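Asker: First, the structure itself, so that you have it in front of you.
The values are calculated or read from the model by the stated rules, or taken from the named source; none is laboratory data. Note that the coordinates shown come from a computational prediction; the quantities given were computed from them, not determined experimentally. Counting neighbours? That spans all protein chains shown, and the Cβs are built from the backbone with ideal geometry, glycine included.
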């Protein structure tokens, strides 16, 4: 196979959903350390919006998409953990999963267990690995144990619903926030102990009420600007603020001195791609994710499916906060 054409979603310049176009791109054979994958399903994530708008600038033209599942069509020199015909799933750089097929680095591509379908694989890798590193690796200085309170914003989204279930399995008392009563109910149904509609209530006040004035050990915040100040007020002394997204917009600059009088707080800005920098680390995290899904403790909820050609509608729904759970694109 040399330079077969594949349908793909590209942008030639940053912009709104209308900036995305369905185009034909050539796909050749994999080079050293690479594989060629035929996608069966593709994951939709908020990082795709950041890249589309230019908040996270990348070279253009750009094929979007960080997550997918499919079948290995060809293997390049030096790749030993994959073979032609393997069922696989991945969350990986560089972008390019919004396509029928692609050539990509093999490092972050994992074999998909037979018990997990392609749609589930595409929906869970980026979001599931994100939930894994948040709950397992982003811990406060005083540690995180069963019975501890944590606060998770946007808990009815793809990462959030996985985190609600996984936190319950770990014995954590997760307080969820979401933008509607319906989404709060969804978080509760998926393992959150408490849920707050932050469109109707002051979540910081409610968190202090729930925790008898103590606050939480950790806040996991992918919303950004709209929840930032309140999130800091939810933390107990020496608590950890974990920022991992900007759905409402980037957090404005702030003075680090504010963290002292609020309780000598800790702050970290996380991204999945710092955690999957080697084949071994990626596989270890994926193994934990596969195990918790196959055990039944975590169910991957896919609430929206769009054809790849309808990706503009998918992005509009995501940005309008009309989605729950995971969303996939079908090539």
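Asker: Name the strands (runs of 3 or more DSSP E) wholly inside segment 260-331 in which the number of residues that are in contact with a strand residue (DSSP E or B) (Cβ under 7 Å, 6 or more places away or on another chain), closer than 23 Å to residue 46 by Cβ and modelled with pLDDT under 95 is 1 or more.
Answerer: Ranges flagged: 302-307, 326-330.
Asker: Follow-up question, since we're still on this one. Would you pick out the residues in segment 159-187 that are assigned to a loop (DSSP other than H, G, I, E, B) and touching a residue at least 40 places away in the same chain (Cβ under 8 Å)?
Answerer: Once the filter is applied, which keeps residues that are assigned to a loop (DSSP other than H, G, I, E, B) and touching a residue at least 40 places away in the same chain (Cβ under 8 Å), segment 159-187 yields only 179.
Asker: Another question, then. Given the structure, is residue 35 over 28 Å from residue 245 (Cβ atoms) and either in contact (Cβ under 8 Å) with a residue 40 or more places away in the chain or touching a helix residue (DSSP H, G or I) at 6+ places or on another chain (Cβ under 7 Å) (or both)?
Answerer: Spelling it out, residue 35 is indeed over 28 Å from residue 245 (Cβ atoms) and either in contact (Cβ under 8 Å) with a residue 40 or more places away in the chain or touching a helix residue (DSSP H, G or I) at 6+ places or on another chain (Cβ under 7 Å) (or both).
Asker: Quick one: is residue 43 touching a residue at least 40 places away in the same chain (Cβ under 8 Å), surrounded by fewer than 17 Cβ atoms within 10 Å (Cβ to Cβ) and closer than 23 Å to residue 279 by Cα?
Answerer: For residue 43, the condition - touching a residue at least 40 places away in the same chain (Cβ under 8 Å), surrounded by fewer than 17 Cβ atoms within 10 Å (Cβ to Cβ) and closer than 23 Å to residue 279 by Cα - is not met.
Asker: Considering only segment 285-304, I want to know if a residue exists there that is over 24 Å from residue 164 (Cα atoms) and either in contact (Cβ under 8 Å) with a residue 60 or more places away in the chain or surrounded by fewer than 15 Cβ atoms within 10 Å (Cβ to Cβ) (or both).
Answerer: no
Asker: Hey, could you check segment 228-259 for residues that are over 30 Å from residue 107 (Cβ atoms) and assigned to a loop (DSSP other than H, G, I, E, B) and say which is farthest from the chain's Cα centre (by Cα)?
Answerer: 255
Asker: Sticking with this one: Could you tell me which of the residues 131, 146, 115, 195 is out of contact with any strand residue (DSSP E or B) (no Cβ under 7 Å at 6 or more places or on another chain), within 23 Å of residue 300 (Cβ to Cβ), touching a residue at least 24 places away in the same chain (Cβ under 8 Å) and not in a helix (DSSP H, G or I)?
Answerer: Going through 131, 146, 115, 195 in turn, just one is out of contact with any strand residue (DSSP E or B) (no Cβ under 7 Å at 6 or more places or on another chain), within 23 Å of residue 300 (Cβ to Cβ), touching a residue at least 24 places away in the same chain (Cβ under 8 Å) and not in a helix (DSSP H, G or I): 115.
Asker: Related question: Can we say residue 135 is under 14 Å from the mean Cα position of the chain (by Cα) and closer than 19 Å to residue 191 by Cβ?
Answerer: yes
Asker: For residues that are part of a helix (DSSP H, G or I) and modelled with pLDDT of 95 or more, scanning just segment 50-71, find the one that is surrounded by the fewest Cβ atoms within 10 Å (Cβ to Cβ).
Answerer: 53
Asker: Give the residue that is surrounded by the most Cβ atoms within 10 Å (Cβ to Cβ), with candidates limited to residues of segment 268-284 that are in contact (Cβ under 8 Å) with a residue 60 or more places away in the chain and more than 27 Å from residue 224 (Cβ to Cβ).
Answerer: Here the answer is 283.
Asker: For segment 5-20, enumerate the residues that are touching a strand residue (DSSP E or B) at 6+ places or on another chain (Cβ under 6 Å) and surrounded by fewer than 15 Cβ atoms within 10 Å (Cβ to Cβ).
Answerer: The answer is 5, and nothing else.
Asker: Identify, from the list 74, 83, 163, 167, the residue that is within 27 Å of residue 330 (Cβ to Cβ) and crowded, with 24+ Cβ neighbours inside 10 Å.
Answerer: After ruling out the rest, the residue left standing is 163.
Asker: Out of (1) exposed (fewer than 15 other Cβ atoms within 10 Å of the Cβ); (2) within 22 Å of residue 122 (Cα to Cα), the odd one out for residue 32 is which?
Answerer: Result: residue 32 fails condition (2) only.
Asker: Which ones in segment 26-49 are assigned to a strand (DSSP E or B) and either closer than 22 Å to residue 4 by Cα or at pLDDT below 95 (or both)?
Answerer: 26, 27, 34, 35, 36, 37, 38, 39, 40, 41, 42
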